[in-house]
Structures are given as structure tokens and as C-alpha cells.
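What follows is one structure encoded as C-alpha cells, with my remarks underneath.
Throughout, read-outs are computed from the coordinates displayed, never taken from laboratory work. Every value quoted in this text rests on a predicted model; they were computed, and no experiment measured them. Note that each Cβ is placed from the backbone with ideal geometry, even for glycine, and that neighbours are counted across all protein chains shown.
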Amino acid sequence: MPTFSNVCAVLFDLDGTLIDSAPDLGAAADKMRVDRGLPSLPSALYRPMAGAGARGMLQVAFGMSPQHPDFETMREEFFVNYERCMTHSTYAFEGVPALLHALEQRQLPWGVVTNKSQRFTNPLTQSIPLFASAGAIVSGDTTPHAKPHPAPLLEAARRLGVDPQACIYVGDDERDIVAGRAAGMRTVAATYGYLGSHLDTAAWQADAEIKSPLALLQLLPGT
């Protein structure tokens with residue numbers, strides 16, 4: 001495993017990287033099925049698509065793609081359901097609190113760059129004490145572009161006062177790696193989230209992969 005030099009900050013994706021929000025995302029979509037008299041689906045069916053947000057949840061629940069004429073209406077219903085339940089069963093992955101504490105002990109600032117809109121990011125992160133020490137939280141609608149565009153990552157680096165080239169970006173989706181590379185950051189693929197074993201994460205060409213949150217510390221100098 002490589003060791004990165006000149007690391008001044010670490011940025012993370014949110015869902016599937018720092019927090020497991022799959023139970024609440026799945027519950028929001030499944031309520032739509034039950035409300036229509038359809039049988040509930042096992043949460044295990046929703047989990048692999050949790051990283052795709054509303055698009056993934058509606059695909060599982062109804063086989064609905066964004067091209068469906070009712071997609072926008074259904075998406076808003078999903079959003080309303082999710083707002084009501086998004087803090088019920090969401091929690092940080094095992095090892096994440098210890099990882100963030102270790103970064104703080106090393107005086108390495110950290111932040112979040114997510115494609116979740118501020119409508120959800122703000123109340124969710126405010127409900128989890130872990131995020132009180134984040135130096136930057138950038139949502140999908142904070143800048144004019146969402147990932148895989150590099151703009152949100154560059155905004156997070158700006159807020160932290162750190163050169164993007166001195167940042168590491170950790171994420172569990174290929175678009176995270178694409179965005180990180182475009183921003184000039186070192187990239188780390190988190191393979192412990194929602195991915196399962198069917199994806200070839202090596203094809204993303206991240207600078208490194210980690211199978212647990214604490215494994216990130218092995219990439220940092222002085223470990």
C-alpha cells in the first residue's frame with residue numbers, strides 16, 4: 001500500500017464512505033411501495049443501490065428510470081419520505097469515529113464533499129455530533145456543478161485553505177475518483193460501503209483502495 005507525502009487535508013464522500021444511510025434510504029422508497037398496496041421489499045435489495053440516491057431507490061422499488069414520465073414526481077415523494085426518516089437508522093461506519101479522531105490528533109483538517117443536496121446534508125450532518133469538527137461540508141448544490149465535476153472538491157479545499165494537490169479524496173463511487181483526479185487530488189476508493197464484490201474498483205484507477213476506514217491511516221506519512 002502506498003504512503004502519500006505532503007498531505008495537508010483529507011476529504012470524504014458522505015454516504016457509503018463515512019455513514020451508512022442505506023437503511024433510511026431504503027425505508028423511504030419502500031414506504032412508497034407500501035402506500036400503493038405493494039409488498040415491502042427486503043432492505044438487502046435496496047442496499048447495493050444506496051449510493052445512487054433517489055435514482056437507485058426508485059429503480060429498486062419500481063423499476064423506474066429517470067426517463068420515466070413520472071420520475072420527477074416520484075422523486076419528490078421519495079425526498080419527502082426521506083426527510084422524515086433520514087436520521088432514524090443512519091450511523092457512521094465502524095472505525096470512522098476513530099479515524100476522524102486520529103486525523104484531528106495529527107492536526108489534519110478534514111471535510112465532506114457529497115452529491116446530496118443541502119436540503120438533506122445540513123440536517124443530517126447537524127444531527128450527528130461527529131461532523132461538528134468538519135472543516136468544510138460541501139453539498140451537491142453548493143457549487144454550480146456536482147461530482148464528477150471537480151468544482152465541489154475545489155470549493156472544499158478553498159474552505160480549508162489547502163492546496164488541492166495536498167488533499168486526499170476518499171469515496172465509494174467511480175465518480176468520486178473521477179472528480180478527485182480532475183481536482184488534482186490523490187484518490188482513495190473505499191470498498192467497504194455499498195459496493196459488494198461485483199464491481200471492478202481497480203478499473204477506477206484510484207491511487208489506493210481501503211477495505212476499512214482505519215486503513216486510511218496506513219496511507220498517511222508518519223504512521
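The single residue among ALA136, ALA215, ALA203, ALA208 that is among the small types (Gly, Ala, Ser) and crowded, with 20+ Cβ neighbours inside 10 Å turns out to be ALA136.
Residue-wise test of (1) buried (at least 17 other Cβ atoms within 10 Å of the Cβ); (2) hydrophobic (A, V, I, L, M, F, W, C).
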{"residue": "PRO66", "(1), (2)": "no, no"}
{"residue": "GLU72", "(1), (2)": "no, no"}
{"residue": "TYR82", "(1), (2)": "yes, no"}
{"residue": "TYR91", "(1), (2)": "no, no"}
{"residue": "PRO97", "(1), (2)": "no, no"}
{"residue": "VAL113", "(1), (2)": "yes, yes"}
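Let's see how each residue does on (1) free of Cβ contacts under 8 Å to residues at least 40 places away in the same chain; (2) closer than 30 Å to ALA134 by Cβ:
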position	(1), (2)
PRO39	yes, no
ALA54	yes, yes
PHE62	yes, no
THR73	yes, no
VAL80	yes, yes
SER89	no, yes
GLY95	no, yes
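Assessment of region 45-54 against the conditions (loosely packed, with under 15 Cβ neighbours inside 10 Å, in contact with a helix residue (DSSP H, G or I) (Cβ under 7 Å, 6 or more places away or on another chain) and on the phi < 0 side of the Ramachandran plot) yields at least one matching residue.
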